[in-house]
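The values are calculated or read from the model by the stated rules, or taken from the named source; none is laboratory data. Owing to the predicted nature of the structure, the values given are computational and were not obtained by experimental measurement. Note that we place each Cβ from the backbone using ideal geometry, even for glycine, and neighbour counts take in every protein chain shown.
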Amino acid sequence: MNSWIDISQRLDEKAAVWPGDTPFSYRLNWGKRDSGSVNVGQITMSVHTGTHIDAPFHFDDEGKRVIELDLDVYIGRARVIHLPGTDRIGLNELNSIGIEGVNRLLIYTGAWRDRSVFPENIPHVQPEAAAYLSEKGVRLIGLDLPSVDPLDSKELPAHHRLTRYGIHILEGIVLDDVPPGDYELAALPLPLAEADGSPVRAVLRKCR
């Protein structure tokens, strides 16, 4: 049987969040002893905690909200590539790897090893790579990082350029034990009507 591989971060109090953002918490609002029938929990978190997608509204006041995004982008054939040891993801790095006709590109960098600690620096997507990715057919880019831009960026050029070329953004995936190759991906956002992002349960299954 070809099993699904979970590439999502675990959500608990150890989950790293952007400095100053809302930490993850879960607590029981009602216990079975008190309610007489059920346990009912409550979670508090940023929509950009762990494995998540960015909606354009995250960085553009006129951008689409999560509920408006095309779900087809988040389900289907994907290619995992490895770019370990790099400090950027640009034309030079992508040119060496065949991605012709790839709609969903998932990139392992290995730069974020301890996901209980928010990283100080990460490889980033160079904005000029967006046109190249779009030309090859990419509609979704996924990274094992908390952002496609440098962590200190205020302008977020990669976010804007990727969106301009119709490329959706998936961040915080876990590809440590996933070999390069072609897979089926499912990483659906929640139907959040007003949100700028959404946590996802991202899974892969090796293509037959």
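Values as computed for the structure displayed
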{"quantity": "Set 148, 138: member being out of contact with any helix residue (DSSP H, G or I) (no Cβ under 6 Å at 6 or more places or on another chain) and under 20 Å from residue 200 (Cβ atoms)", "calculated": "138"}
{"quantity": "The range 160-190, subset within 14 Å of the chain's Cα centre (by Cα) and of a type outside the set (A, V, I, L, M), residue nearest to residue 127 (Cα to Cα)", "calculated": "168"}
{"quantity": "Looking only at the range 191-208, and only at residues there that are more than 24 Å from residue 160 (Cβ to Cβ) and assigned to a loop (DSSP other than H, G, I, E, B), the one that is nearest to the chain's Cα centre (by Cα)", "calculated": "201"}
{"quantity": "Set 77, 88, 104, 113: member being within 22 Å of residue 181 (Cα to Cα) and touching a Cys at 6+ places or on another chain (Cβ under 8 Å)", "calculated": "77"}
{"quantity": "Lone unmet requirement of (1) within 18 Å of residue 172 (Cα to Cα); (2) more than 17 Å from the chain's Cα centre (by Cα); (3) of a type in the set (A, V, I, L, M, F, W, C) for residue 45", "calculated": "(2)"}
{"quantity": "Some residue of the range 67-82 being farther than 19 Å from residue 165 by Cβ and in a loop (DSSP other than H, G, I, E, B)", "calculated": "no"}
{"quantity": "Filter result (buried (at least 18 other Cβ atoms within 10 Å of the Cβ), farther than 13 Å from residue 103 by Cα and in contact (Cβ under 8 Å) with a residue 60 or more places away in the chain) within the range 149-169", "calculated": "156, 159, 163"}
{"quantity": "Residue pairs meeting the criteria (Cβ under 6 Å; at least 6 apart or on separate chains; first over 17 Å from residue 193 (Cβ atoms) and modelled with pLDDT of 95 or more, in the range 54-80; second hydroxyl-bearing (Ser, Thr, Tyr) and surrounded by 17 or more Cβ atoms within 10 Å (Cβ to Cβ))", "calculated": "78/183"}
{"quantity": "Candidates 47, 38, 17 - the one that is surrounded by fewer than 17 Cβ atoms within 10 Å (Cβ to Cβ), in a loop (DSSP other than H, G, I, E, B), touching a residue at least 12 places away in the same chain (Cβ under 8 Å) and β-branched (Val, Ile, Thr)", "calculated": "17"}
